[in-house]
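Have a look at the structure below, then the notes.
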Amino acid sequence: MGKALTDSDAWALLDGRPPIDAAASGGFDLDGVLAMAEHRLEGLGGGWLILDGIDQLLSLEPDPRAALDQVRHLNDWCQARRITLLLTGKQTRSDGSQPLDLEGVEFMLSTVLVLATELVGRRLNRRFRVAKYRGSAHITDELPLVMDDAGLHLPYSAASEAARTAASQERIGMGILRLDRILGGGIYRGSTVLVSGAPGTAKTTLGVSFALAAADRGERVLYLTFDELDDRIVRNAASIGLRLQPAIDSGLLKIESRQAWNSLVEEHFITIHRWIDAFQPDCLVIDPVSALLKAASADSAYMTTERILDETRARGITTLLTSLIDTDKPQTETTLSHASTLADSWISLEYRIHGGERNRALSIVKSRGSAHSNQVRELLLSGSGVDLADVYEYGPKVLMGTARIEEEHEVAERHRRQYVERAQRQRDLERNIQQARLRMEEAQSEAERLTEVLERERQGNAETKHNAAEHRQDIQRRRAADGPTTGKDRGTE
């Protein structure tokens, strides 16, 4: 026991296993092992002493108290030589009982780290906890432990190390002009946007529009898609006029695809963090973030989402998340990812079914720090891209698709008929006014004629009266010339 397996300038490995056919009898001590370890440590200049599987060695000691004495002796030996000691051992037996070999060991050591495993969704889930750490503050939560080709990782164990970016006043576009308008000019750089909706409501389409707009501005975009291959994203986006391949070829857009169910949610977090470090994006799209709920250990999916957003906000990365809604509570607009409280802006997509037709609708639930429209708009997809219909202005109901076209046609036809009727009434009134004016002119002419006739009659009457007066006067003159005539004379005659 104690054979050296390898040597280097930094470390040495000793095989401390007893021979397979060896039989243990009576007690033992660790002096022989420590002698070999001391020799190796002197050659290395001190450092660490790691005894892996100390429980296997202590199990050979029939007296548990003697086994603990050996651990105490080992601890004192390392402290005297200023060597850091690391012991590993099983915490429980396969039947769940506490092994006597390690009972009491944790009380004599300054630090105790507890590792545990459990099956979650038929996948092995490793956990880590600091049970004891004398003289130092430490995290008391049980943390996930992930092992991969890059080593061991403890997700969520610390806050982001990136220097936090100040809140930006700059607005950037979502790639849809009318959407930017109803958002008050776009979203703030470094903010988080949530796009929620049922399957098929064009959540991915909005994510692709956002990514393409960022690439057109010369920004680097990391697009993470769950359960969808990158070439399918490119093909489907091209069908509505969104060409992603040039942005990919230029290196500004990177699409990464992962299967949500194939990894622990903590593994997704580590991978996303690694991609962010490697690509250094200006914008990030996670489509859909609710897919994390399909991963093993999904109970921490909400924490994963929060940690990702904490990292992107610290780095000033503008992030767009898509999420399925909770189909059990569609009327509440609840998202499966529960990211609605974390997002700065929330765009809700839904179906509107009317007259046997299904149409997509878009509305802004919230947009922090920005005025925004409260109108429900129809989302239009075509070969030329994505657009929003004008605000529906006819009545309290919001009609879309064919129903809106029919209603608008009926309204236009009603307006046309009203216009024609008003035009006819206007022409009739103009004709009546013209006729009335003609009649007034005729009446005026007749009044003038009658006035002239009346004037002539008056003049005639005056002349007749004058002539009659002159005639009487003439007669009176004539009779006066003969002298006055008396009655007697008239009688004598």
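Any read-out appearing in this document is the output of simple, stated calculations on the displayed coordinates, not a laboratory observation. From a predicted model like this one, the values you see are computed outputs, not experimental measurements. Ideal geometry is used to build each Cβ from the backbone, glycine not excepted, and the neighbour counts take in all protein chains shown.
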For this session: Can you put Cys283, Cys78 in order of Cβ neighbours within 10 angstrom, beginning with the fewest?
Result: Cys78, Cys283
Exercise. Label-point separation (nm) for Ala10 and Ile240, each offset 7 Å from Cα along Cα-to-Cβ?
Worked result: 5.1
For this session: Would you pull out the residues with amide H under 5 Å of Arg123's amide H, same chain only if 5 or more places away, H placed 1.01 Å from N?
Result: none
For this session: Report the one residue of Thr319, Leu177, Ala291 whose Cα lies farthest in the direction of the positive end of the charge dipole of segment 171-391 (charges on C-beta: Lys and Arg +1, Asp and Glu -1; origin at the Cα centre).
Result: Leu177
For this session: For Arg122 paired with Ala447, estimate the spin-label separation in nm (one decimal), with each label point 7 Å from Cα along the Cα-to-Cβ line.
Result: 10.7
Exercise. Taking the simple approach of a point 7 Å from Cα along Cα-to-Cβ for both Met440 and Ala469, what is their distance in nm?
Worked result: 4.3
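I need Arg181, Arg458, Arg307 ordered by Cβ neighbour count within 10 Å, fewest first. Could you put the intermediate results ahead of the total?
Working: Arg181 13, Arg458 10, Arg307 19.
Lowest to highest Cβ neighbour count: Arg458, Arg181, Arg307.
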Exercise. So how do Phe226, Phe279, Phe128, Phe210 line up by other beta-carbon neighbours within 10 Å, fewest first?
Worked result: Phe279, Phe128, Phe226, Phe210
